[in-house]
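Okay, so here's the structure we're looking at.
The values are calculated or read from the model by the stated rules, or taken from the named source; none is laboratory data. Everything numeric here is computed off the predicted structure, so don't read it as measured data. Here Cβ is always computed from backbone atoms with ideal geometry, including for glycine, and neighbour counts include all displayed protein chains.
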Amino acid sequence: MSLFKNRTVVGVICILLSLLICFGVTPLFNQSVSQKTEIVRVVKEIKAGEEITKEMVQTAEVGGFGLPDNVLRQSESVVGKYATADLSVGDYILNTKLSDTPAAENTYLYNLDGTKQAMVVLVIGNIPLLYFLNQDWYHTLMHTPLGQVILTICAAVIFISTAFVIKLTQPIEYRR
């Protein structure tokens, strides 16, 4: 142990250790950090809901360190899909920013199966039912100004909501 008490020996050991770190460990670390990988990058502005074409994207080789796991690496997996968010030039394309179906403002309306029409039938069907349950209420609803205003408002709401549902559930035409 008297070897480590000598300042010259300790100095030489420190120099050798620093050379090993500089020329051995650091290049291995830099090599692992500088590995290149191919990703898909935007070359033309893409708006949300727009279908992605081959002219809008390109593959680029970038450093793989710090890339998110969900970045897309093949342009074939991007072309033909729809953007769920606006994409700027140079953006990496993440799978969370794509959809197989076009984004629509009222997508819930496309999944209607006709069962919601039962509400309109119930609103309209309550008027004759009211006649059998209580004829005084029926008379108030049908023959007084207040009752007629209420019926007019109900009819207007049914008409307007039906018109909007028909308008919004028509197929959307996309540019090709």
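Sort through VAL149, VAL123, VAL89, VAL157 and tell me the only one that's surrounded by 12 or more Cβ atoms within 10 Å (Cβ to Cβ) and modelled with pLDDT of 85 or more.
Going through VAL149, VAL123, VAL89, VAL157 in turn, the sole match is VAL157.
Every residue in region 61-87 that is closer than 18 Å to LYS47 by Cα, in a loop (DSSP other than H, G, I, E, B) and of a type in the set (Gly, Ala, Ser), please.
Of everything in region 61-87, those that are closer than 18 Å to LYS47 by Cα, in a loop (DSSP other than H, G, I, E, B) and of a type in the set (Gly, Ala, Ser) turn out to be GLY80, ALA85.
Would you please name the residue that is surrounded by the most Cβ atoms within 10 Å (Cβ to Cβ), looking only at residues in region 70-86 that are within 12 Å of THR37 (Cβ to Cβ) and not β-branched (Val, Ile, Thr)? Spell out how you get there, then give the answer.
Start the filter on region 70-86 by keeping residues that are within 12 Å of THR37 (Cβ to Cβ), which leaves 71-74.
Still in the running and not β-branched (Val, Ile, Thr): 72-74.
On the way: LEU72: 20, ARG73: 14, GLN74: 11.
My answer is LEU72.
So, in region 51-70, of the ones that are at pLDDT 85 or above and under 19 Å from SER99 (Cβ atoms), which residue ends up farthest from the chain's Cα centre (by Cα)?
LYS54
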